[in-house]
1. Please report, ordered by residue number, the strands (runs of 3 or more DSSP E) entirely within region 1-120 with at least 3 residues that are touching a helix residue (DSSP H, G or I) at 6+ places or on another chain (Cβ under 8 Å).
2. How many of the residues making up region 41-85 are among the small types (Gly, Ala, Ser) and within 14 Å of ligand 1 (Cβ to nearest atom)?
3. I need a count of the residues in region 86-111 that are away from ligand 1 (no atom under 14 Å from the Cβ) and either assigned by TED's automatic domain parsing to the domain that holds Ile158 or modelled with pLDDT under 95 (or both).
4. Of all residues being assigned to a helix (DSSP H, G or I) and basic (Lys, Arg) in region 293-318, which is surrounded by the fewest Cβ atoms within 10 Å (Cβ to Cβ)? Just the residue, please.
5. Would you mention how many residues in region 1-56 are at pLDDT below 95 and buried (at least 16 other Cβ atoms within 10 Å of the Cβ)?
6. Can you pull out the residues in region 258-297 that are within 12 Å of ligand 1 (Cβ to nearest atom) and within 17 Å of Asp80 (Cβ to Cβ)?
7. Among the listed residues Val145, Val162, identify the single one that is part of a loop (DSSP other than H, G, I, E, B), within 17 Å of Ala106 (Cβ to Cβ) and in the same structural domain as Ala250 (by TED's automatic domain parsing).
8. Would you mind finding the one in Ile234, Ile188 that is under 22 Å from the mean Cα position of the chain (by Cα) and either modelled with pLDDT of 95 or more or of a type in the set (Phe, Trp, Tyr) (or both)?
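The values are calculated or read from the model by the stated rules, or taken from the named source; none is laboratory data. Predicted, not measured: the structure shown is a model, and the values here were computed from it. Here the Cβ positions follow ideal geometry from the backbone for every residue, glycine too, while neighbour counts run over all protein chains shown.
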Amino acid sequence: MKPYVFITRKLPEETIVELTEKFEVKMWEHEDIPAPREVMLAEAKKASGMITMLSDKIDEELLSAGENLKVVANLAVGFDNIDLKAATERGIIVSNTPDVLTETTADLSFALLMAAARRIVEAAEYIKAGMWEGWSPYLLAGHDVYGKTMGIVGMGKIGEAVARRAKGFGMEILYHNRSRKPEAEKEIGAVYSSFEDLVTKADYVVSLAPLTDETRNLFTADVFAKMKKSAIFINAGRGPVVDELALYEALKSGEIAAAGLDVFEKEPITTDHPLLELPNVTAIPHIGSASTETRTTMIKLCCSNVKSVLTGDSPKTIVNKEVLQ
Ligand code: GLV
Ligand code: GLV
């Protein structure tokens, strides 16, 4: 019998041929609606390999159900949706999709920053709503980007790619990260900074931090209070690094100027969320790596990883290397 692979969303057939040639593959029937928990558990029980989304909760219960499960290939660079310890204990390989999405996600992060700074979404809504009655000097006037200071929290590959873009905009770049990045310091001129110094000095505070025990709830009311009144907060990493109520208060009271958010504490965010009432919030639905080219490349990388594991090879991008030993 061919090994069984379950993919938790409907993906284009042509992107998964590497799997369909060799394995029995089943996809969940919807592209945009997640599979219910019962389906996930039943499929995990049968599957040797799974391709999962960042919105799927791959917890201990699901991993235990996976009696034959050898690999979980997550269609994302982040893997906070997966109980890594439980996977490793069971010898299940977890893979992600780093590198292939770096530049695409940096593009989006910068676009979000530009949109928040220059009020692009607000301006587009304004014109479509028929509100434009004539040119005026301060109509939809925003904030300059060129020459300002960017503070990047979470200086991984995406952070460095954002920093390169910022350099092209004549920005000063501060960064905060668990480890120093000597190459980014040398090549881009990024300056290592304490978290406190960074949030105090930056005009644009850009969070690209992964979600870990250390980063959960990192941006609290105290942190927003330290930022400049003109500061713009961008989050293109993970939502739960932010106390959203504190962010709301900071934006509402003018403690900071604006925010651009691609990620939220709870996704999808619902329209009754107070953040979405604020004109100075530019909110987009977790689309950092969503270019057609990059999403296709990410899917193919997941397929390659599943195939490698199920044919006894090492996957290209493994998260829990310990399992191979
Ligand atoms: C997106 O958020 C990812 O982790 O790839
Ligand atoms: C703006 O369009 C200008 O001409 O200054």
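1. Details: elements: 4-7, 24-27, 49-52, 71-74, 93-95.
Here the list reads 4-7, 49-52, 71-74, 93-95.
2. Within region 41-85, the first condition is being among the small types (Gly, Ala, Ser), and the residues that meet it are 42, 44, 47-49, 55, 64-66, 73, 76, 78.
If we keep only those that are within 14 Å of ligand 1 (Cβ to nearest atom) too, we end up with 55, 73, 76, 78.
Of the residues in that region, 4 qualify.
3. Step one: of region 86-111, the residues away from ligand 1 (no atom under 14 Å from the Cβ) are 86-93, 110-111.
Next, only the ones that are either assigned by TED's automatic domain parsing to the domain that holds Ile158 or modelled with pLDDT under 95 (or both) stay: 110-111.
Of the residues in that region, 2 qualify.
4. Checked region 293-318; the qualifying residue surrounded by the fewest Cβ atoms within 10 Å (Cβ to Cβ) is Lys300.
5. Looking only at that region, the number is 0.
6. Those that are within 12 Å of ligand 1 (Cβ to nearest atom) and within 17 Å of Asp80 (Cβ to Cβ): Asp262, Val263, Phe264, Glu267, His286, Gly288, Ser289.
7. Within the list Val145, Val162, the selection yields Val145.
8. Working: Ile188 fails: under 22 Å from the mean Cα position of the chain (by Cα).
Exactly one residue qualifies, and that residue is Ile234.
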